[in-house]
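To keep things clear, I will list the structure first and then write my remarks on it.
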Amino acid sequence: MYLCIFVLYSIRMRRTALLLLFLTFCASLYAQEFRCSVSVNYQKLQQTTQPYPSDDKTVFDNMRQAIEDFVNSRKWTNLSFESNEYIDCSISLILNRRTTANDFEGRLSVQLRRPVYNSNYTTGLFNYVENKDFKFTYNESIPLEYDANTYYSDLTSAISFYLYVMLGVQFDSFAMMGGTPFYEVAQAICQAASSNDDWTPNSSLKSRYWFMENHTNSAYTKLREAYYNYHRLGLDMMTKDQTQARQNIIQSLRDVQSVHKLRSNLLSVQQFVDVKIAEIVSIFTPAPDDEKQQVYTIIKDISPIQVTKMKDWNIK
């Protein structure tokens with residue numbers, strides 16, 4: 001049922017722009033898509049001198065609960081999910097500074113996991129730590145607000161942005177280009193927040209803007225196709241036909257390689273390889289030598305530093 005919902009919905013999504021509006025703004029108090037765990041680590045605040053107290057953990061507990069409720073209690077799509085179909089993800093905040101009573105700086109990271117068909121195995125889809133301090137305001141007395149086209153705060157915009165990126169990646173892994181409407185919402189969030197430096201193309205090659213751009217630029221379509229070939233035609237087929245599944249995974253790596261050749265050091269290409277490298281090594285270690293050679297050559301081209309993970313293959 002889970003796979004059928006994704007496939008059928010991805011087909012319907014392409015038919016009308018009205019559905020995107022429905023997807024974005026539809027609300028329900030009794031439905032959710034995410035099963036998200038949130039952590040707020042404030043140990044660094046306790047270990048350094050801060051202008052505001054950090055020994056009262058109430059504000060941090062409330063911050064964690066507010067973010068978790070914001071994600072899990074809100075309707076982000078117009079899909080109906082059974083409880084066993086919720087999208088498994090986590091959000092982590094490691095706080096470094098508290099500059100005012102309500103202003104914080106820290107490191108934001110997000111992780112997304114996906115079930116593999118006909119198995120108890122879950123695979124990592126997205127695992128990203130922002131490369132600079134995340135500055136945000138959190139006031140316990142003010143509820144967290146969201147609208148894709150309105151900038152309320154960097155906290156809600158950043159979290160909403162990554163939720164839609166994760167939805168895009170998740171849907172791409174179940175249906176070819178199935179994540180398009182979700183990336184479009186992420187793009188709207190990015191545009192609404194563009195007055196903030198962290199959302200502009202000039203901020204950093206690892207800014208949120210470039211994550212969005214990598215997934216909406218038609219020149220990089222092969223990267224998104226790779227998510228489908230790797231997961232739906234690769235991992236999901238492992239229990240049925242391992243040989244064909246591995247060939248499909250190799251094809252997905254060739255797709256990623258083609259995007260890398262088009263533009264080296266692309267943020268989303270490196271993200272794909274970094275998340276998948278340990279799994280790739282595990283899948284192909286028992287595979288025939290010719291398959292290992294193909295995978296080794298591709299990874300060496302895309303990310304030479306990751307080739308060290310294949311040292312036991314004895315490939316030159």
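Observations, loosely collected:
- Of all the listed residues (LEU235, LEU262, LEU266, LEU253), the sole one being surrounded by fewer than 18 Cβ atoms within 10 Å (Cβ to Cβ), in contact (Cβ under 8 Å) with a residue 24 or more places away in the chain and of a type in the set (A, V, I, L, M) is LEU262.
- For region 158-184, filtered to residues that are of a type outside the set (Val, Ile, Thr) and open to solvent by 10 Å² or more (accessible area, probe 1.4 Å), the residue that is nearest to TYR138 (Cα to Cα) is GLU184.
- From the options PHE6, PHE22, PHE70, residue that is modelled with pLDDT of 95 or more and not β-branched (Val, Ile, Thr): PHE70
- Test: residue in region 93-107 that is part of a strand (DSSP E or B) and among the β-branched types (Val, Ile, Thr): yes
- Hits in region 112-121 - residues which are touching a helix residue (DSSP H, G or I) at 6+ places or on another chain (Cβ under 9 Å) and surrounded by fewer than 20 Cβ atoms within 10 Å (Cβ to Cβ): PRO115, VAL116, TYR117, ASN118, SER119, TYR121
- With respect to being open to solvent by 40 Å² or more (accessible area, probe 1.4 Å) and in a helix (DSSP H, G or I), GLN187 fits the description.
- Qualifying residues in region 285-316 (those that are of a type in the set (A, V, I, L, M, F, W, C) and more than 25 Å from the chain's Cα centre (by Cα)) - the one nearest to TYR228 (Cα to Cα): ALA287
- Subset of region 122-142 that is in a loop (DSSP other than H, G, I, E, B) and either touching a residue at least 40 places away in the same chain (Cβ under 8 Å) or charged (D, E, K, R) (or both) - its residue that is most open to solvent (accessible area, probe 1.4 Å): GLU140
- Exactly one residue out of LEU163, LEU155 is under 11 Å from the mean Cα position of the chain (by Cα) and either in contact (Cβ under 8 Å) with a residue 12 or more places away in the chain or under 17 Å from SER194 (Cα atoms) (or both), and it is LEU163.
- Residue match in region 300-311 (condition: open to solvent by less than 80 Å² (accessible area, probe 1.4 Å), closer than 28 Å to THR216 by Cα and either among the polar types (S, T, N, Q) or touching a strand residue (DSSP E or B) at 6+ places or on another chain (Cβ under 8 Å) (or both)): yes
- Hey, ALA226 exposed (fewer than 14 other Cβ atoms within 10 Å of the Cβ) and out of contact with any Cys (no Cβ under 9 Å at 6 or more places or on another chain) or not: no
- Taken over region 65-80, the criterion of being surrounded by fewer than 21 Cβ atoms within 10 Å (Cβ to Cβ) and more than 17 Å from VAL38 (Cα to Cα) is satisfied by LYS75, ASN78, LEU79, SER80.
- Filter pass, VAL275 being touching a strand residue (DSSP E or B) at 6+ places or on another chain (Cβ under 6 Å) and either surrounded by fewer than 18 Cβ atoms within 10 Å (Cβ to Cβ) or not in a loop (DSSP other than H, G, I, E, B) (or both): yes
- Exactly one residue among ASP133, ASP147, ASP172 is modelled with pLDDT of 95 or more and among the acidic types (Asp, Glu), and that residue is ASP172.
- Just so you know, in region 86-108 the residues that are of a type in the set (Ser, Thr, Tyr) and modelled with pLDDT under 95 include one that is surrounded by the fewest Cβ atoms within 10 Å (Cβ to Cβ), and it is THR100.
The values are calculated or read from the model by the stated rules, or taken from the named source; none is laboratory data. Here the structure is a predicted model, which is why all the values come from computation and not from measurement. Methodologically, a virtual Cβ is constructed for each residue, glycine included, from the backbone with ideal geometry; neighbour enumeration extends over all protein chains shown. Side chains included, ligands, DNA and RNA excluded: accessible areas come from the protein's heavy atoms. Shrake-Rupley method; radii C 1.70, N 1.55, O 1.52, S 1.80 Å.
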